[in-house]
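Q: The following block contains the structure, expressed as structure tokens.
The values are calculated or read from the model by the stated rules, or taken from the named source; none is laboratory data. Values in this document were obtained by computation on a predicted structure and should not be read as measured data. Methodologically, a virtual Cβ is constructed for each residue, glycine included, from the backbone with ideal geometry; neighbour enumeration extends over all protein chains shown.
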Amino acid sequence: MKLSIDHKSPVPLHIQAEELLRQLIEAPQYRDGKLFPKEVELSKQLGIARSTLRQALNKLVYEGLLVRKKGIGTKVSETKTISSKSKNWLSFSQEMAARGIPIKNFELHVKWVFPEERIANFFEIKTDTKVLKLVRLRGRVDGPFVYFESYFHPRVALTGDEDFKLPLYEMLEKEHGVIAYISKEEISARLADKFIADKLESEIGSPVLFRKRFVYDIEERPIEYNLGYYKADSFVYTVESKHKNKTFIITP
């Protein structure tokens with residue numbers, strides 16, 4: 001099968017590559033578990049960087065259409081079932097939209113900062129490497145109830161000009177080919193200090209839910225370090241456990 005990419009097309013290269021790979025998946029010669037051509041061969045044939053090709057491959061692995069085995073290669077999945085792993089957790093915007101709750105951004109700031117040591121350690125970078133920091137104060141029309149600080153690994157290649165009013169993880173996937181695949185969370189109770197009390201329009205010492213979220217891509221590399229401060233009287237976290245998988249549900 002002859003594969004080619006239109007480098008003059010406005011369609012991003014990784015999207016074009018993804019569509020070509022979907023054609024390969026349906027090709028008879030790959031239906032019986034035969035290995036795909038190696039990444040270096042495919043990227044050379046298409047005239048794109050291996051990192052661009054890998055974005056497309058990762059998307060199809062994520063969907064369960066391809067299987068990648070280290071030291072062996074990539075082949076078509078026998079089951080061709082679509083993965084639902086990411087459905088166990090959602091971005092704040094997706095959670096609120098699913099519940100029909102209109103959300104207002106009271107503050108939205110983006111800037112480049114030098115990360116604190118704990119953030120640099122999570123990203124496995126040096127503290128003299130700048131990262132993008134996104135600050136959002138959000139809530140209902142009548143007032144804010146959550147304050148977020150997000151830090152992103154330089155690998156994500158954010159510019160700061162993105163539309164951060166969009167659902168975050170949808171934007172990352174659509175514009176940067178980055179799939180938010182795993183979320184690990186730590187939830188604890190705190191008393192609001194003056195800064196958080198002012199942001200949430202509450203009293204100093206009032207209870208807040210403090211959540212750390214560590215987000216990884218499909219290759220389990222860190223992409224986001226997120227801190228969230230919620231008004232305690234506005235949120236309840238429900239934990240549903242099924243074997244080893246846990247689902248966190250936000251209930252306003």
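Q: Between 13, 21, 42, 57, which is of a type in the set (A, V, I, L, M), surrounded by 19 or more Cβ atoms within 10 Å (Cβ to Cβ) and over 16 Å from residue 76 (Cβ atoms)?
A: On the way: 21 fails: over 16 Å from residue 76 (Cβ atoms); 42 fails: over 16 Å from residue 76 (Cβ atoms); 57 fails: over 16 Å from residue 76 (Cβ atoms).
Just one listed residue meets the conditions, 13.
Q: Let me ask something else. Residues of segment 2-45 being of a type in the set (S, T, N, Q) and in a loop (DSSP other than H, G, I, E, B), which ones?
A: In the first step, residues of segment 2-45 are kept if they are of a type in the set (S, T, N, Q); the result is 4, 9, 16, 23, 29, 43, 45.
Within segment 2-45, 4, 9 qualify.
Q: Does segment 155-166 contain any residue that is out of contact with any helix residue (DSSP H, G or I) (no Cβ under 6 Å at 6 or more places or on another chain), in a strand (DSSP E or B) and under 20 Å from residue 217 (Cα atoms)?
A: no
Q: Across segment 222-252, which residue is farthest from residue 102 (Cα to Cα) among those that are at pLDDT 90 or above and of a type outside the set (Phe, Trp, Tyr)?
A: 222
Q: Can you pull out every residue in segment 98-134 that is among the charged types (D, E, K, R), assigned to a loop (DSSP other than H, G, I, E, B) and under 20 Å from the mean Cα position of the chain (by Cα)?
A: Selection gives 124, 130.
Q: Going by the conditions given, is residue 152 within 13 Å of the chain's Cα centre (by Cα) and at pLDDT 90 or above?
A: Taking the combined requirement at face value, the residue satisfies it.
Q: Considering segment 181-240 alone, what residues qualify as being outside any loop (DSSP other than H, G, I, E, B), surrounded by fewer than 20 Cβ atoms within 10 Å (Cβ to Cβ) and of a type in the set (Gly, Ala, Ser)?
A: Answer for segment 181-240, where residues must be outside any loop (DSSP other than H, G, I, E, B), surrounded by fewer than 20 Cβ atoms within 10 Å (Cβ to Cβ) and of a type in the set (Gly, Ala, Ser): 183, 188, 189, 197.
Q: Within segment 21-49, which residues are more than 26 Å from residue 8 (Cα to Cα), at pLDDT 80 or above and among the small types (Gly, Ala, Ser)?
A: 27
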